[in-house]
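Scroll down for the structure; my scribbles are underneath it.
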Amino acid sequence: MGRASYIRKRLILSVFVLFGVTIVIFGMVHFLPGDPATILLGDRATTQNIAALRDQLGLNRSLPEQYWLFVSGLAQGQMGTSLTFHQPVRDMVLSRVPISIGLAVYAMALAAAITLAFGLLAAVNKGRWIDQVIRVGFLFILTTPSFWFGILLILVLSLGLKWFPVAGFGATLQEHVWCLFLPALTLSLQLSAVLIRNLRSQVILTSRSDFVRTARAKGLHERLVLLRHVLRNALLSTVTIFGLQFGFLVGGTLVIETVFAVPGMGQLLFTSITGRDYPVVQAITVVSAILVIIVNLLVDLSYSFLDPRVTYE
C-alpha cells in the first residue's frame, strides 16, 4: 500500500470518526432528562422563550430530521446563533481557533525540545544522580494538576520575579510569543513528563541493538551514533505517544486558557458552559475533534520520514 492509498483510507476512517463525534454531540442535548430547551435556558425559561428555542433548534421535528439539520449545517459551516451573545457561532469560534492552535503548537514545540533534551540526558546518564533527578522531577509534574501548576508559575515567574505577564494575549507577534510562554510551558511540561519516560527507555533499549554495536565498532563518534542511529529509531514510539497525547493537550489548552485569560476557544467554552450556550459548546467540540483527527493523521504519516523501513501495508 502506497502513501497516497494510505492517506485516502485514513481520511475515510477519519470521516467515520467524525460521524461518531457528531452523534455523541447530538446526543448531549437530545438525550438529557427533561426538555432540552428548558435545561438550556435555565432561569431564563419562559413559555415564549422555550417555544422560540425549540423552533430555533428544530426540537419540534423528529430525531432523524434534527440530526440531518445538525450535520448538514456543520457541512455548510452553519453552526447556529449564540444564545448568549446573539452572534453567529461560526464567526465566534473561528476567530478563537488561531489563538488556540497557536498555543497548542507553541506547547508542542516546547514539549519536543524539553523531551529531547531531558530524555537524552537521562538516558545517557542512566542510573546516575542526574537521571534520578529528572525522573523524580517530571514525575512530580505529571502528578500535578495543570491548572495548579499554571497558578504556581504565575505566582513565581509573573508576580514574584516579574519576568512574564500574568495574563493576556498581546497585540504584536512578539507580544503573543511572550504572553503565551507561561501557558505553553504549563502544557508542555505535563506532556513532556509522559514523553521523557518513553524516550529514555527507548534510547536505552535501542542502544543495546546489534546495528548500534556495529556503528560503534566502525569507529563512529558516540554523538553521531546517538543522533543518527539511536535517536532516530527510538523516536518512533515517542512520536506515537506524542500524537495520542494531542487530544489531552487540546483539552488542557481549554483549561489553561481560562487560567491565563487567553482569548481562545477555552475561554469561550468556559463562558458558554456557564451560560448554557449549547450551540457554541457544540461547535467548539466539533472543531476540537477535527484538530485531533488531523494531528493523528500527520503523526502516522511522519513514521516513514523517521524510519524508511516503515511501510503502509
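The values are calculated or read from the model by the stated rules, or taken from the named source; none is laboratory data. These numbers were taken from a predicted model, which means no experiment stands behind them. Here Cβ is always computed from backbone atoms with ideal geometry, including for glycine, and neighbour counts include all displayed protein chains.
Kindly check whether there is at least one residue in region 132-141 that is out of contact with any helix residue (DSSP H, G or I) (no Cβ under 6 Å at 6 or more places or on another chain), among the charged types (D, E, K, R), over 21 Å from Phe248 (Cα atoms) and free of Cβ contacts under 8 Å to residues at least 40 places away in the same chain. Looking through region 132-141, none of the residues is out of contact with any helix residue (DSSP H, G or I) (no Cβ under 6 Å at 6 or more places or on another chain), among the charged types (D, E, K, R), over 21 Å from Phe248 (Cα atoms) and free of Cβ contacts under 8 Å to residues at least 40 places away in the same chain.
Residues that are surrounded by fewer than 19 Cβ atoms within 10 Å (Cβ to Cβ), in contact with a helix residue (DSSP H, G or I) (Cβ under 9 Å, 6 or more places away or on another chain) and either under 13 Å from Thr253 (Cα atoms) or of a type in the set (A, V, I, L, M, F, W, C) (or both) within region 118-129 comprise Leu121, Val124, listed in sequence order.
Is it true that some residue in region 99-106 is over 25 Å from Thr285 (Cβ atoms) and in contact with a helix residue (DSSP H, G or I) (Cβ under 6 Å, 6 or more places away or on another chain)?
So in region 99-106, the residues over 25 Å from Thr285 (Cβ atoms) come out as none.
Scanning region 99-106 turns up no residue that is over 25 Å from Thr285 (Cβ atoms) and in contact with a helix residue (DSSP H, G or I) (Cβ under 6 Å, 6 or more places away or on another chain).
Whenever a residue of region 247-259 is assigned by TED's automatic domain parsing to the domain that holds Ile294 and modelled with pLDDT under 75, its partners that are in a helix (DSSP H, G or I) and of a type in the set (Val, Ile, Thr), lying with C-beta atoms within less than 7 angstrom and at least six residues away or across chains, give the pairs Gly247/Val292; Val250/Val292. Contact annotation: residue pairs with Cβ atoms under 8 Å, 6 or more positions apart or on different chains, pairing a residue in region 74-88 that is surrounded by fewer than 16 Cβ atoms within 10 Å (Cβ to Cβ) with a partner that is among the charged types (D, E, K, R) and outside any loop (DSSP other than H, G, I, E, B), are Gly77/Arg90; Gln78/Arg90. Of all residues in region 95-120, those being closer than 29 Å to Asn49 by Cβ and without any contact (Cβ under 8 Å) to a residue 12 or more places away in the chain number 1.
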